[in-house]
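Rule-based calculations on the coordinates, nothing more; no lab input. In this text, all values refer to a predicted model and were calculated from it rather than measured experimentally. Here the Cβ is made from the backbone with ideal geometry for all residues, glycine too, and neighbour counts use every protein chain on show.
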2 protein chains.
Amino acid sequence: MSNHQLTAGSDVRAACRLGTWTKPTCGLADGYAQANLVVLPRELAFDFLLFCQRNPKPCPLLDVTEPGDPVPRLVAPDADLRTDVPQYRVWRDGVLVDEPNDISKYWQEDFVSFVIGCSFTFEAALIRAGLPVRHIELGVNVPMFRTNIACRSAGVFHGPLVVSMRPMTPSDAVRAVQVTSRYPAVHGAPIHIGDPSAIGITNIERPDFGDPVPIKTGEIGVFWACGVTPQAVIMAVKPSLVITHSPGCMFVTDVRDEELAVG
Amino acid sequence: MSNHQLTAGSDVRAACRLGTWTKPTCGLADGYAQANLVVLPRELAFDFLLFCQRNPKPCPLLDVTEPGDPVPRLVAPDADLRTDVPQYRVWRDGVLVDEPNDISKYWQEDFVSFVIGCSFTFEAALIRAGLPVRHIELGVNVPMFRTNIACRSAGVFHGPLVVSMRPMTPSDAVRAVQVTSRYPAVHGAPIHIGDPSAIGITNIERPDFGDPVPIKTGEIGVFWACGVTPQAVIMAVKPSLVITHSPGCMFVTDVRDEELAVG
C-alpha cells in the first residue's frame, strides 16, 4: 500500500488491521498525533499510571484504557489496540520474545493500555515554525541519551530520565522553547539547553539510543524529555508480560496535532 | 493564632498540626498553592486516578501519594496529610460521620491521597491582572452549578461536570481566558462563556453549591471546571470510607502559584 493513501489516522489503522501496512509510521497521516503504546497487566497499572502522573514530561498520557478494553476511547474510539499498530514487541520477564503484527493471541482480560504522546507532534510544529530538525534533515533517528536526572519513582517504577537532542542556534533554541511549550501533551518545553555534562551526558557524539547528529559551530544542544523513558523504566522491572509498539511503528490516533496545543 | 503569622505553606501546616488553626485557609500563605484533598482506599485508587487523568480540568492532580504514605512528596515533602489540614470530613458509605482536625485514628495502610489543584491559585492571578472576582468582592462563596456535560467515566466513577461561575464583561472574559490558560494545573481556561442554558444550567440565580452573585448589565457568566466535581463523583459511589478536607479548609502546599504557570 502506498503511504499517499494513508492520509488520516483511521486509514493507517485500517491498513495495519488488514496487514497491508507493517512498517514505521513516520510521514503517514500528516497532522494526526502518533503515539507510543504500552500494554501492562492490571496489577502494575496503578503504579505505572502514578509514574506517568508524576513524570508528565517524559510520559505524557493521551489515553489510558479500562482493564480489558482494547479501545482507546478518547483518542480513537473506533480503533482496536490489538490490531491497529504496524508492529508490536512482546516482552516476557524483560526479554523480547515476539514481534507480531497483531497481539490478539496475547490479549488478557486484565490488560491496561497506555497511549503516550510522541515527539512527532512537536517536531511537525518546529518544522512549521521554520526551525531545523537535524535528524529529520539527515534522515536518521533522533539521538537519545540517558541523563543523571532521576524520574520521580512510583511504586515499583524508577529510573533515569532519557532525553532526545536537537542542535540549534541559541536564537532558534529560544523559539523552540516557545513553540514546544504549546504542546505539554507531547513532551512540552525542553528540559535542558546547552552543556550536555550538566545533565550527565559524557559524550554527545555517542547517543545511548538512535543515531548521532552533528552540532555545528555556533549551535547548542536542546534537550527534550523522551518517550523512551517509560519503556526503559518498565523494562528495568522485567514484568512477566508487557507489550509495546516496535520502534517507529506508532499507534496513529484521530487527534489532530493542533488539538494538543494549549494557549 | 493570627493569620499574619501564617505567611508560608509550612506555617499554615504547622499551625494545623498543633491545633492552633482550625478554620478556612482563604487568605493565608499568599502566593502558595492551596489544594483539595481526597483520601481513598487502594482498591478505588486506580479508578480514581484514571478518572482524574481523563478529566484534568475538574480534577487537576498536583500530587498522589504511594499507598499508606501520608507525605505528599512532590508538593510538600515535610507535610503529614493526617494532621496538616485545618478540618477534615470523614465519610462512611456516603454519609458524613465526623469532622475532625486530625485523621490519625482513621488512617489505613492502604490509603492513597489525592492532592487536587484549587481555584484560589487562578483567582489570585485574575486579581493580579486587575480582573473582577465578584464573589471575593462580595465576601461570599463562589456560585457552583451542576451542568449537563458528562465527565469521562473511569471504572466505578462517573457523573456530571460541576462548574464555578464568575461574571465579567466580554473584554474581561477574553483576558480571563488568557490569564487562566496559564494555569492548567488549577482548572485552566474556562469551559464555557455566556448562555448558562447551553450547559444545562436552568437558573443562574440559584447555584447548586455556594452563593448566588449578581451578573450586571453588559456582563456574561464565565464558567470554569470546579474541584467539587471529583468530590461529587466519589460521593455518588458511596465508598465504605473516604476522607476529604472540609469546604474552604484546604491543604496548603509548598508550591508557589507561579510554579504552576505554563508559557
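Can you give the local net charge around A:LEU28? Use residues other than it whose beta-carbon is closer than 15 angstrom to its beta-carbon, Lys and Arg +1, Asp and Glu -1. Write down the numbers at each step before the final one.
Details: positive: A:ARG13, A:ARG17, A:LYS23, A:ARG256; negative: A:ASP11, A:ASP30, A:ASP84, A:GLU123, A:ASP254, A:ASP257.
Around A:LEU28, the surrounding residues sum to -2.
Rounded to the nearest Hz, the phi-derived 3J(HN,Hα) couplings of region B:131-139 under the Karplus curve 6.51 cos²θ - 1.76 cosθ + 1.60 (θ = phi - 60°) are 8, x, 10, 4, 5, 6, 4, 8, x, where x marks glycine and proline.
Volume per residue of the convex hull around the Cα atoms, evaluated for region B:63-194, comes out as 157 Å³.
Using only C-alpha positions, report the orientation-averaged shadow area of the convex hull of the protein assembly as shown, nm², one decimal. If you can, show how the numbers build up before the last one.
Details: hull surface 101.1 nm².
So the Cα hull casts an average projection of 25.3 nm².
Amide H contacts of B:HIS192 (H built 1.01 Å from N, in plane; Pro and chain starts excluded): B:PHE223 sit under 5 Å, all sequence-distant by 5 or more or on other chains. Restricting the calculation to Cα atoms, region A:1-101 yields a radius of gyration followed by a Dmax of 14.5, 41 Å.
Beyond 25 Å, what share of the Cα-Cα pairs of region A:132-230 is found? Please give it as a whole percent.
Values: 674 of 4851 pairs.
Value for region A:132-230 (Cα pairs over 25 Å): 14 percent.
Inter-copy label distances at A:GLU43, using a point 7 Å along Cα-to-Cβ, come to 1.8 nm with the shortest given first.
Please work out the FRET efficiency for the pair A:LYS23 and B:LYS238, using the Cβ-Cβ distance as r and a Förster radius of 60 Å; give the result to the nearest 0.05.
Numbers: r = 51 Å, r/R0 = 0.85.
For R0 = 60 Å, the calculated efficiency reads 0.75.
Please go through the residue pairs A:LYS57/A:LYS216; A:LYS23/A:LYS238; B:LYS216/B:LYS238; A:LYS23/A:LYS57 and name each one whose alpha carbons sit more than 31 Å apart in this structure.
Values: A:LYS57/A:LYS216 27 Å; A:LYS23/A:LYS238 27 Å; B:LYS216/B:LYS238 40 Å; A:LYS23/A:LYS57 27 Å.
As for pairs spanning more than 31 Å Cα to Cα, those are B:LYS216/B:LYS238.
With no solvent and one point on each alpha carbon, what is the Debye value of log10 I(q)/I(0) for chain A at q = 0.09, 0.12, 0.13 Å⁻¹? Reported log10 I(q)/I(0), two decimals: -0.38, -0.69, -0.81.
A cut-off of 5 Å between modelled amide H atoms, ignoring neighbours fewer than 5 places along the same chain, links A:VAL142 with A:ASP211. Local charge for B:CYS151 was computed over the other residues whose Cβ lies under 10 Å away, with Lys and Arg +1 and Asp and Glu -1, and equals +3. Counting Cβ atoms of other protein chains within 10 Å of each residue's Cβ and taking the mean over peptide A:47-56 gives 4. A simple rule links phi to the HN-Hα coupling: the Karplus curve 6.51 cos²θ - 1.76 cosθ + 1.60 with θ = phi - 60°, which for region A:44-60 gives 9, 5, 5, 4, 6, 4, 5, 4, 5, 4, 7, 10, x, 5, x, 10, x Hz, with x for Gly and Pro. Ranked by how many other Cβ atoms sit within 10 Å of their own Cβ, fewest first, the residues A:VAL112, A:VAL12 fall in the order A:VAL112, A:VAL12. Less than 5 angstrom separates the built amide H of B:VAL255 from those of B:ALA33, all sequence-distant by 5 or more or on a different chain.
Partnerless cysteines in the protein assembly as shown, where a partner means another cysteine C-beta under 4.7 angstrom, comprise A:CYS16, A:CYS26, A:CYS118, A:CYS151, A:CYS226, A:CYS249, B:CYS16, B:CYS26, B:CYS118, B:CYS151, B:CYS226, B:CYS249.
Plainly put, the tip 7 Å out from Cα toward Cβ on A:ASP69 is 2.8 nm from that tip on each other copy, the closest given first.
Rounded to the nearest whole Hz, the Karplus-based 3J(HN,Hα) values (6.51 cos²θ - 1.76 cosθ + 1.60, θ = phi - 60°) of region A:197-206 follow the sequence 5, 5, 10, x, 9, 8, 9, 5, 8, 10, with x at glycine and proline.
Rounding to the nearest 10 and keeping the result within 0 to 90°, find how far the Cα-based axis of helix A:228-237 lies from the longest principal axis of chain A. The angle comes out near 50 degrees. Relative to the other identical copies, A:GLY130 shows label-point distances of 3.3 nm, where the label point lies 7 Å from Cα along the Cβ direction and values run shortest first.
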